[in-house]
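Participant: Quick one: the structure is below, and I'll ask about it shortly.
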Amino acid sequence: MSLFGSSGIRGVVGQDFTVDLTVSISEAVGSLHQSIVLGRDTRTTGPMVAQALIAGATSMGAEIHDAGMVSTPTLARAASEFDCGLMVTASHNPSPYNGVKMWNPDGSAFDSVQMNEVENRIANRSSEPRDWRHVGSCSMLEGAVQRHVEAIARSVGEATARVVLDCGCGATFEVSPLTLRTLGCGITSLNCQADGHFPGRMPEPTEEQLQDLKELVISKRADLGIAHDGDGDRMVAVDDKGRFIDGDRLIALFATYLKAKGVVAPMDASMVLDDIAGKVVRCKVGDVYVAEALKSSGLEFGGEPSGTYIFPNETFCPDGVYAGALLAKMASEDRLSTMVDALPRYPVKRESHKFEARRRAEVEERLKEEAQGLDCDRLLTLDGYRAEFPDGWFLVRLSGTEPKVRVTVEARDEKELERLTELSSRVVGRCLQ
C-alpha cells in the first residue's frame, strides 16, 4: 500500500495530503459504505478536510452523519450505529499535518484487506458518482460525547483520584474532563481548550513536552497526571511523585491490574511484558495490527509503547479517554508510584532520525542490507528489524506515518544499552548517509 501508513492516511496539508486526495478517499469509502459517521479533531484544517470528505462520499450516494469536533475514540464508538466512521486527524503529528482514519462498527480500524480495497479504488478510479437524483446528504449527529462518557462510567465505576489533566489543546478537551468528573475525580485542567495551533505543547505527549504537567502534579499534590495526544487515542501519565510513566510501563500496569492471561503488543514493546504476562503475542506496530491480533488470539488486552491501549470488551479502538479513567480508578485504590515501583525496570532508549520522503525506498533497501549483516541471536522481520541478543534487543523500522527511521533499544543494564545503542546508530547512519 502506498497511501496508508500504520494509522490511516495522513501528510502535510497541501503537499502530501491534498483536497483532491481527500475527495478521492471519500469517494472510495462512500462507494463501499452507505452510512458514515464523521468526526474531526481540533486542527485548523479540519473543517476543510471534513467538507472534502462530505463532498466525495455524498457524490457516491452515502449518507454522512457529522459528529463535529470529537476525539477519535468517541467517533469510533459512535461508528457502532453506522457502516463505518471517518475521523479527520493526524493524531500526534504537528499542526501542518492532517489525515483520515477509518473505523469499523466494532471500533477497529480498517484492516489490511479493507485498506487495500480503498487504495485500489483510488488508484483505478473505479468509483462512479451517482447522478443528481441519487446523491447522499449530510446531517448533524448529536450526543456522541455524552454516550462515550456514559459508557466509560458504566464500565469503570467510581474514582476519587485527584487528577491533573493535560489535553494538549486536542480533541479530548471536552470528553476527558467530563468523564473524570463524572467518575468523581477532582480535576486540575491544563491545555484543555480546543486550539489547532497547539500553543501549550506539541500534540505528541512525550516526556519532554510534559514538564508543566509534572510540576502541577507535585504542586497540587495530585494522585496522578494524565496527558493525551491530538486526537485522544493515546494516553501517558505522571505518577504521584511527578515521574513520567511511558506506554510500556502503562501496558504492564494495566495487564497486572486486569489480571490479563496474555497481552498483545507490537515489536517495539518492552521485554518487561515477557516477565509479567503469561503470554505475549507480538504484532506489527499500529493499532490496527494490535486489534487484528486481539481478535485472532482472543486475549483481553493489548497496547503499544506509543500510549495506545485496546480493551476489546469495550471497543477495538484504542481509547485514551477510557485508559485515563481506568488509571484514575487504579490511583484511587493505591498509590500509583507504588504500583509502578513494583514492576521490573530495564533501561530503554528511543530515537527518531528524519530523512527526505523521496528517499524512502532507498532507505528501506539499505536497511534491509544492513540488518542481514547483523551478528545477533535472532533477527525478527515482522515489522522492521528487531535484533535480539542475550541481554537486550534493538528495533530499527521506518515510521508508517512520517519520513523517519525509528529506533528502540532495551537492555538489562546500562552498559549493554550503550553497546546496543552504538550498534544501532551505526546501522542507521549507514542507511541515511
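The values are calculated or read from the model by the stated rules, or taken from the named source; none is laboratory data. Only a predicted model underlies this, so the values are computations on that prediction, with no experimental measurement involved. Cβ placement follows ideal geometry from the backbone for every residue including glycine, while neighbour counts extend to all protein chains displayed.
Participant: Only one of these conditions is not met by Asp239: (1) over 22 Å from Leu343 (Cβ atoms); (2) in contact (Cβ under 8 Å) with a residue 12 or more places away in the chain; (3) not hydrophobic (A, V, I, L, M, F, W, C). Which number is it?
Facilitator: (1)
Participant: Here's another thing I want to ask about it. Filter the range 338-356 for residues that are among the hydroxyl-bearing types (Ser, Thr, Tyr) and under 20 Å from Ala277 (Cα atoms); which is modelled with the lowest pLDDT?
Facilitator: Tyr346
Participant: If Tyr309 satisfies all but one of (1) aromatic (Phe, Trp, Tyr); (2) in contact with a Leu (Cβ under 6 Å, 6 or more places away or on another chain); (3) in the same structural domain as His228 (by TED's automatic domain parsing), what's the number of the condition it fails?
Facilitator: Every listed condition holds for Tyr309 apart from (2).
Participant: Please go through (1) part of a loop (DSSP other than H, G, I, E, B); (2) out of contact with any Phe, Trp or Tyr (no Cβ under 8 Å at 6 or more places or on another chain) for Leu216 and return the number of the only condition it doesn't satisfy.
Facilitator: Unmet for Leu216, out of (1) part of a loop (DSSP other than H, G, I, E, B); (2) out of contact with any Phe, Trp or Tyr (no Cβ under 8 Å at 6 or more places or on another chain): (1).
Participant: Please list, ordered by residue number, the strands (runs of 3 or more DSSP E) wholly in the range 81-149 having 2 or more residues that are farther than 23 Å from Phe4 by Cβ and touching a strand residue (DSSP E or B) at 6+ places or on another chain (Cβ under 9 Å).
Facilitator: Where strands (runs of 3 or more DSSP E) fall fully within the range 81-149 and carry at least 2 residues being farther than 23 Å from Phe4 by Cβ and touching a strand residue (DSSP E or B) at 6+ places or on another chain (Cβ under 9 Å), they are 138-140.
Participant: Which one is surrounded by the fewest Cβ atoms within 10 Å (Cβ to Cβ) among residues in the range 350-405 that are over 24 Å from Arg419 (Cα atoms) and of a type in the set (Lys, Arg)?
Facilitator: It comes out as Arg358.
Participant: Among (1) surrounded by fewer than 16 Cβ atoms within 10 Å (Cβ to Cβ); (2) within 27 Å of Thr160 (Cβ to Cβ); (3) within 20 Å of the chain's Cα centre (by Cα), there is one condition Gln193 misses while meeting the rest; what is its number?
Facilitator: Going through (1) surrounded by fewer than 16 Cβ atoms within 10 Å (Cβ to Cβ); (2) within 27 Å of Thr160 (Cβ to Cβ); (3) within 20 Å of the chain's Cα centre (by Cα) one by one, Gln193 breaks only (3).
Participant: Condition first: small (Gly, Ala, Ser) and modelled with pLDDT under 95. Now tell me which residues in the range 393-424 satisfy that.
Facilitator: Once the filter is applied, which keeps residues that are small (Gly, Ala, Ser) and modelled with pLDDT under 95, the range 393-424 yields Ser399, Gly400.
Participant: Which one of Phe254, Phe198, Phe301 is buried (at least 22 other Cβ atoms within 10 Å of the Cβ), in the same structural domain as Ser337 (by TED's automatic domain parsing) and out of contact with any Pro (no Cβ under 6 Å at 6 or more places or on another chain)?
Facilitator: Phe301
Participant: Identify all residues within the range 348-383 that are touching a residue at least 12 places away in the same chain (Cβ under 8 Å), under 16 Å from Arg426 (Cα atoms) and small (Gly, Ala, Ser); write none if there are none.
Facilitator: Selection gives Ser352, Ala371.
Participant: Quickly run through the range 158-185 and pick out the residues that are surrounded by fewer than 24 Cβ atoms within 10 Å (Cβ to Cβ), farther than 23 Å from Tyr97 by Cα and out of contact with any Gly (no Cβ under 8 Å at 6 or more places or on another chain).
Facilitator: Hits for the range 158-185 are Pro177, Leu178, Arg181, Thr182, Gly184.
Participant: Quick check: anything in the range 44-64 in contact with a His (Cβ under 7 Å, 6 or more places away or on another chain), in a loop (DSSP other than H, G, I, E, B) and not hydroxyl-bearing (Ser, Thr, Tyr)?
Facilitator: For the range 44-64, residues in contact with a His (Cβ under 7 Å, 6 or more places away or on another chain), in a loop (DSSP other than H, G, I, E, B) and not hydroxyl-bearing (Ser, Thr, Tyr): present.
Residues checked against (1) within 22 Å of Gln114 (Cβ to Cβ); (2) surrounded by 20 or more Cβ atoms within 10 Å (Cβ to Cβ); (3) of a type outside the set (Lys, Arg):
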{"position": "Asp16", "(1), (2), (3)": "yes, no, yes"}
{"position": "Leu21", "(1), (2), (3)": "yes, no, yes"}
{"position": "Glu27", "(1), (2), (3)": "yes, yes, yes"}
{"position": "Gly30", "(1), (2), (3)": "yes, yes, yes"}
{"position": "Val37", "(1), (2), (3)": "yes, yes, yes"}
{"position": "Pro47", "(1), (2), (3)": "no, no, yes"}
{"position": "Leu53", "(1), (2), (3)": "yes, yes, yes"}
{"position": "Thr58", "(1), (2), (3)": "yes, yes, yes"}
{"position": "Ala76", "(1), (2), (3)": "yes, yes, yes"}
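Participant: Out of Thr256, Thr182, report the one residue that is over 27 Å from Gly400 (Cβ atoms), in contact (Cβ under 8 Å) with a residue 40 or more places away in the chain and part of a helix (DSSP H, G or I).
Facilitator: Testing whether each residue is over 27 Å from Gly400 (Cβ atoms), in contact (Cβ under 8 Å) with a residue 40 or more places away in the chain and part of a helix (DSSP H, G or I) leaves just Thr256.
Participant: So Phe355 fits all but one of (1) under 23 Å from the mean Cα position of the chain (by Cα); (2) among the aromatic types (Phe, Trp, Tyr); (3) farther than 26 Å from Gln15 by Cα; what number is the exception?
Facilitator: For Phe355, the exception is condition (3).
Participant: Looking only at the range 132-155, filter to residues that are charged (D, E, K, R) and closer than 17 Å to Gly39 by Cα; which one of those is surrounded by the fewest Cβ atoms within 10 Å (Cβ to Cβ)?
Facilitator: Among those that are charged (D, E, K, R) and closer than 17 Å to Gly39 by Cα, it is Glu142.
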